[in-house]
Amino acid sequence: MIPMVNLKAQYADVKDEIEQGIAETIANCSFILGPNVQAFEKETAEYLGVKHAIGCASGTDALHLALEAEGITDGDEVITSAFTFIATAEAIKYVGATPVFVDIDERTFNITAEKIEKAITPKTKAVMPVHLFGQPVDLSAIKALCDQHNLKLIEDCAQSFGARINGVQTGAIGHASGFSFFPSKNLGAFGDGGLVVTNSDKTAKMLKMLRNHGSDVRYYHDVIGYNSRLDDIQAVVLRAKLKRIDQYNRQRRHAAHLYSELMADLPLTTPYEDGIGDHVYHQYTLLCDRRDQVMQALQDKQIGCAVYYPVPLHQQNVFKQECAGLSLPVTESVAARCFSLPICPSLEDETIKEIVAVIRAVLTK
Ligand SMILES: *Cc1c(COP(=O)(O)O)cnc(C)c1O
């Protein structure tokens, strides 16, 4: 059996460091927002090249808190992608705003400045691009558009920890950006966790209050906040993996490049790289007209494969009514043809060859 992600293999390498750190946290009983959270916030801010990093309970919360701290509220419109995980749009709904879905680029699977510009109305207050599958969105044109129209730029970096574009980390350009540490993400905790980053002192101050019951000084509450903190035990895990994240992402890129090289002659579309950004391959996602046939063959051999995402958000039951009549042809076409193959830092070349052989047999029959 070949799983989509092999979390066990990744653990071997960091086991001692993590077990020792967790034992210390237990001995100190510093469970919530403890010394490891503070250290992790400092280390990630440095790594990502941002002024502030604020831990919170999940990636979904990170996006929600980022929008709220930037003042996005009832009646506002936020332009985003429909080809993403539901949490992107949920966060927009949580602050009372409306997600406005625009179509994606067929090569990168990400939204573009051109499509965003056409969707701007007087109600638009923010743009939320998603660095989907670890493919960094080139934000230069989008940032300029946001500045021109006075819109907040909120990056969904849940799948892109460590991805750079022109040497700049995803998350460092937006007014506020959210990361997820769900266990299978590129930087994964042993449970839920998230992070918001920003270069604004004012936003950082609000984020720290929002994640902790609206409180700056204990038992004094300035705003209605949330219980959304990062556990010290999770911070221990994240600190150990943060030291190795560039290596993990290099291993992912190596695996992806081998897949693409071995499948170059097959009738499918391998992931696009523009040469400017470092795609970190949270997923290795292909397009193929005979997707269902290929996936069946892989499943028969107990090889993991999955469709991220089979139903774009504007066609989900929860948004169907609100988005009635909205047509996003590229998004819909990609959702009908995409599928993802196993990828993780520990994936071996031999395994990749084995997987490709199964795909080759189907497509050259
Ligand atoms: C995982 C993910 C989230 C949500 O993160 P959680 O930590 O699971 O709450 C948000 N957006 C995208 C694109 C994701 O992949």
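A compact table of results
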| read-out | value |
| --- | --- |
| Relative contact order [Cα under 8 Å, 6+ residues apart], the stretch 74-164, whole percent | 29 |
| Two-site label geometry, residue 106 and residue 362: point separation in nm, points 7 Å out along Cα→Cβ | 2.1 |
| Residue exposure sequence - 146, 56 - by fewest surrounding Cβ within 10 Å | 146, 56 |
| Spin-label proximity, residue 9 to the stretch 246-287 - amide N less than 11 Å from point 7 Å beyond Cα toward beta carbon | 252, 255 |
| Difference of contour (0.36 nm per residue) and Cα-Cα distance, residue 265 to residue 16 | 85.3 nm |
| Stretch gain in nm, segment residue 333-residue 38, where the contour uses 0.36 nm per residue and the Cα spacing is subtracted | 101.8 nm |
| Gained length - residue 300 relative to residue 257, 0.36 nm times residue gap less alpha-carbon distance | 13.0 nm |
| Out-of-range pairs (alpha-carbon distance over 25 Å; input 42/243; 185/243; 42/115; 115/241) | 42/115; 115/241 |
| Sorted by Cβ neighbour density within 10 Å, fewest at the top, the residues 308, 272 | 272, 308 |
| Cα gyration tensor shape of the chain, rounded if a/c is under 1.5, else prolate or oblate by comparing a/b with b/c | oblate |
| Contact order normalised by residue count of the stretch 229-365, Cα under 8 Å, 6+ apart, percent | 35 |
| Pairwise FRET efficiency - residue 28 versus residue 216, Cβ, R0 = 25 Å, nearest 0.05 | 0.55 |
| GNM flexibility winner over the chain from 237, 14, 37 (Cα, springs under 10 Å) | 14 |
| DSSP-defined beta bridges in the chain - what % are antiparallel, rounded to 5 | 60 |
| Most mobile of 346, 333, 260 in a GNM of the chain (Cα contacts under 10 Å) | 333 |
| Neighbour-count ranking [beta-carbon atoms within 10 angstrom, fewest first] of 107, 218 | 218, 107 |
| Mean-position separation - Cα centroids, the stretch 22-81 and the stretch 240-263, in angstrom | 25 |
| Top of 54, 233, 32 by mean-square fluctuation, Gaussian network on the chain, Cα under 10 Å | 32 |
| Charge dipole (debye, nearest 20) of the stretch 212-332; +1 at Cβ of Lys and Arg, -1 at Cβ of Asp and Glu | 480 |
| Net charge over other residues, Cβ less than 11 angstrom from the Cβ of residue 132 (K, R count +1; D, E count -1) | -2 |
| Formal net charge of residues neighbouring residue 209 (Cβ-Cβ distance under 10 Å; K, R +1; D, E -1) | +1 |
| Over the chain, relative contact order from alpha-carbon pairs under 8 Å, at least 6 apart, % | 22 |
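Rule-based calculations on the coordinates, nothing more; no lab input. Computed from a predicted structure; not experimentally measured. Glycine gets a Cβ as well: all are built from the backbone with ideal geometry, and neighbour counts include every protein chain shown.
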